[in-house]
Amino acid sequence: MEYLTEHYAEAPVWIVACLEEPKPSRMSGASIYPAVQNMLLAARALGLGSTLTTRHLLFEAEAEAALGLPPGVHSYAILPIGWPMGNFGPVGRGKLSEFVFLDEWGKPWDALEG
């Protein structure tokens with residue numbers, strides 16, 4: 001199995017989602033991620049491969065310096081975009097009952113069992 005990290009630099013386009021905010025907080029990216037999701041859907045509709053990655057944030061200061069971001073601008077996600085290398089068929093979905101719970105984590109919601 002090949003991994004994104006092994007081919008990251010080969011992607012011909014990177015979209016770097018940023019916000020201009022002097023003191024970012026955990027809530028700062030709330031407006032970025034819906035926009036990023038729309039970009040991922042658009043890329044898929046065009047037959048392009050992409051993924052949302054925040055791996056660069058392990059080295060946030062170095063990555064932002066390498067990207068040439070000015071002070072107060074912070075990256076929240078990178079979307080490497082290119083032609084897919086492997087199988088690019090239909091997207092599989094899990095059963096809702098595996099992800100949706102009632103009142104507490106892990107408690108099945110009977111309405112989803114049917």
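Observations on the structure shown:
- Ordering 100, 40, 66 by the projection of their Cα atoms onto the charge dipole of the chain, which places +1 on the Cβ of Lys and Arg and -1 on the Cβ of Asp and Glu, puts 40 at the extreme positive end.
- For residue 18, residues with placed amide H under 5 Å, excluding near neighbours: 76
- In the chain, the DSSP-assigned H stretches of four residues or longer account for a calculated mean residue ellipticity at 222 nm of -6000 deg cm²/dmol, using -39500 (n - 2.57) per stretch and the full residue count as denominator.
- In range of the label at residue 61: residues from segment 70-97 whose backbone nitrogen is under 20 Å from the point 7 Å along Cα→Cβ: 70-77
- Here the Karplus curve 6.51 cos²θ - 1.76 cosθ + 1.60, taken at θ = phi - 60°, turns the phi angles of segment 81-88 into couplings of 10, x, 6, x, 8, x, 4, 10 Hz, with x standing for Gly and Pro.
- Shape call, the chain: gyration tensor on alpha carbons, a/c limit 1.5: oblate
- The angle separating the long axis of helix 32-45 from the principal Cα axis of greatest extent in the chain is about 80 degrees.
- Check: the chain dipole with +1 on Lys, Arg Cβ and -1 on Asp, Glu Cβ, in debye: 220
- Approximate spin-label separation residue 109-residue 16, in nm, with each point projected 7 Å along Cα-to-Cβ: 3.9
- Net charge of Cβ neighbours under 13 Å - reference residue 76; Lys, Arg +1; Asp, Glu -1: -2
- FRET efficiency, residue 28 to residue 85 (Cβ-Cβ, R0 22 Å, nearest 0.05): 0.10
Only the coordinates and a few stated rules stand behind these numbers; no lab work does. Just so we're clear, the structure is a prediction, and the values are computed from it rather than from any experiment. When we count neighbours, we look across all protein chains shown, and the Cβ atoms used for this are built from the backbone with ideal geometry, even at glycine.
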